1. Across region A:17-49, what is the total count of residues that are touching a residue at least 24 places away in the same chain (Cβ under 8 Å), farther than 21 Å from B:Gln409 by Cβ, at the interface with another protein chain (Cβ under 7 Å from one of its Cβ atoms) and of a type outside the set (D, E, K, R)?
2. If you scan region B:1-53, which residues turn out to be over 30 Å from A:Ser134 (Cβ atoms), surrounded by fewer than 14 Cβ atoms within 10 Å (Cβ to Cβ) and among the hydrophobic types (A, V, I, L, M, F, W, C)?
3. Looking at (1) modelled with pLDDT of 80 or more; (2) in a loop (DSSP other than H, G, I, E, B), which is the only condition B:Ile211 fails?
4. Tell me the strands (runs of 3 or more DSSP E) entirely within region B:165-207 that contain at least 1 residues that are of a type outside the set (Ser, Thr, Tyr), away from every other protein chain (no Cβ under 14 Å) and more than 27 Å from the chain's Cα centre (by Cα).
5. Return the pairs, sorted by first residue and then second, in which the second residue is among the small types (Gly, Ala, Ser) and surrounded by 15 or more Cβ atoms within 10 Å (Cβ to Cβ), the first residue lies in region A:130-149 and is touching a residue at least 40 places away in the same chain (Cβ under 8 Å), the beta carbons are less than 7 Å apart, and the residues are 6+ apart or on different chains.
6. Could you grab me the full set of residues in region A:124-153 that are at the interface with chain B (Cβ under 10 Å from one of its Cβ atoms) and exposed (fewer than 14 other Cβ atoms within 10 Å of the Cβ)?
7. Considering only residues that are at pLDDT below 85 and small (Gly, Ala, Ser), which ones fall in region A:110-160?
8. Restricting to region A:111-123, name every residue that is within 11 Å of chain B (Cβ to nearest Cβ), in contact (Cβ under 8 Å) with a residue 40 or more places away in the chain and among the polar types (S, T, N, Q).
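The values are calculated or read from the model by the stated rules, or taken from the named source; none is laboratory data. This structure is a prediction, so every number in the text was calculated from the model and none was measured. Every residue, glycine among them, receives a Cβ derived from its backbone with ideal geometry; neighbour counts consider all protein chains shown.
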Amino acid sequence: MNEQLIQKIIVGDQQAFRIIVDTYKQPLVGYLTYQTKNEELAKDIAQESFIKCYENLSKFKGGSFKAWLFRIAINQLIDFKRKNKEDATLLEETPSLDTPESVILAKEQKAVLQQWLKTLDDKTRQIFILKYASNCTYEEIAETLNIPLTEVRNRLYRTKARLRKSKLKGDMNGELLID
Amino acid sequence: MVNCLSIEEMYDFIDGRIKDETMNMHIQSCTNCSALCEELLESEHLISALLPPVIVEATFTNQVMDQLPKEKTVLQKKRDWRAVFATVFVTAALLFLIFSGLQKESITSSSSVSISVKDIKITDAFIKVTLATSGYNGDEFFFNESNEDNVNDVALILPNGERHSIGSFAEQSTNEITYVFPLFDVTYPEFKLVFDFKHIYDIDGQWSLEIPIDRKELLARTENVALNSSFEKDGIDVNFIRAQHGPYNSLFKIETKFSEDMASFVEQQVAQYTANLPLAEKDAYVGYNAQILYDVINEDGKTLKRTIPEDTISIQNDRYALTETLSAYPSVQDGGHLSVVGAKFELPTNVRHELTFDQLPYSFTYKDTVYEVKLLPDQRLEISSDTKTTAISSWHITVDHKTAWDTSQFRTDKQKKYTTFTLEKDIPLDSFILYGQTEAKFVYFDEAIQIDIH
């Protein structure tokens, strides 16, 4: 993110923050939606995160702005989960996401893949979501999750290699894919 | 000759992490590699399809913008210089003087997590304190962004017991937090830094620590120069308040504001332009910026590159002036000067056109320049005018007194300057109001003002 743009916002040009919201709303809401499986909740948390981001903008110290924003969102999400422990079911509902019609994918295959996604461990799933739903680079993922770049690369590679192996064997029941 | 790619390399290639033309050519010409590439691309599509993009409406942006704290500009008066220090810090970081002999005791609390002072560095410009924690193995950051702001308190306490809040800039990793306190406005030779935490990571508790600071020796090597010189031209006031030349940094404090006459003039203009407008529309006429234009020149007369060429100072039309602490320049500690050439500021304009979309394309003239307004595909509206003579620097569009645009882009070619607005998706393409909000005005001093750096 442009250093000058941030500077502009810090010195009081509130409207310039609009550019930040527009740039990151789609990847951020996307990430939160896949993490919470609830699009409305995801949007609420994303809004809170943007406001937090605005309030703390002067604390941004360089590095990836996207990763910084995502870390704020992850903290907001953790906070939400903590406050809503008694209402944990909210986060365990089945995904309400509709795949766009333009995506042509055999129903069965899709179901199997979705099953596969569920079998991934939490961190790997987060990496997949950040990469595919939020379009983050390896560097941004590493900074967001506070893990080394090589770990991002290895987890993506290993998981995809396993997916490929089981696909080649025609065995997509997910058993082979569990970490 | 390129060998066949491993699967790992192929993934890197697909992800765009390897950009190698010979590799690209090899994949295209090798049956094995192109088949592998195709196969992997197919799985990539499958995974992407599993995680389709989530559609976020344009109204989302407005909801966020509406919820932003309105008092931002007021807060800014107090906090602005901290942001500047955040950028200064990077260049000055290598020049820390390690200050030894300070107490480094551990502070424990009722919880199993304890905090200790890991490192203290102090220069003429700032203090950097690193705190380390032990006993916590979770994933949360020390200072959770979602904490209530007033739970954790950091302050400066003078020998007479007086307590001052102090600006800080915190950087953190999981088991460490580093605070940087700017000292430019702190004149006391001795004081204590007091940390009082009540909620860290996700734990409630009580952690208190005090760090005594003695900077008599550093202050003795630091020269304070009261500048108190004021320059006024064409309604803009630039006041040089103070310079501080220490063994490590040179810092300056400059205040810019509209002169009394100019502030009154701006107010009158706004009052006049908005006299017959409904209240909801008056918002389109607030917030004017001024920027000091200056260069930093080193001992050899070379102009140094700066990441932010203009230090922006917001001036609202309520005679709001703001002081700015200019960056530290360790690279010119052998001498040099600041050369302040002038200032750029923005004035309100009375350009306001009530239009319907049927009237487009539409053109009007302001101060001898023709402005053309036209509608582009995909709900976009473009305003173009001559690059050289364009006066208006910012625009605004409303429908029913609400902001009607989502994003805006600027581009310039040899002839024209273009501003393109993407309009909100859900607004009716019926009637709208176009405002030319501000025009830029440059004031150059007859001679650049030179301020020496020691």
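1. The number of residues fulfilling the criteria is 3.
2. The answer is B:Met1, B:Cys4, B:Met25, B:Ala35.
3. That leaves (2) as the condition not met.
4. Working: elements: B:169-173, B:176-182, B:190-200.
So the answer is B:190-200.
5. A:Ala133/A:Gly30; A:Ser134/A:Gly30; A:Glu139/A:Ser64; A:Glu140/A:Ser64; A:Glu140/A:Ala67; A:Glu143/A:Ser64; A:Glu143/A:Ala67; A:Thr144/A:Ala67
6. Within region A:124-153, A:Asn146 is the sole residue that qualifies.
7. Residue satisfying the conditions is A:Ala111 alone.
8. A:Gln115, the sole residue that qualifies.
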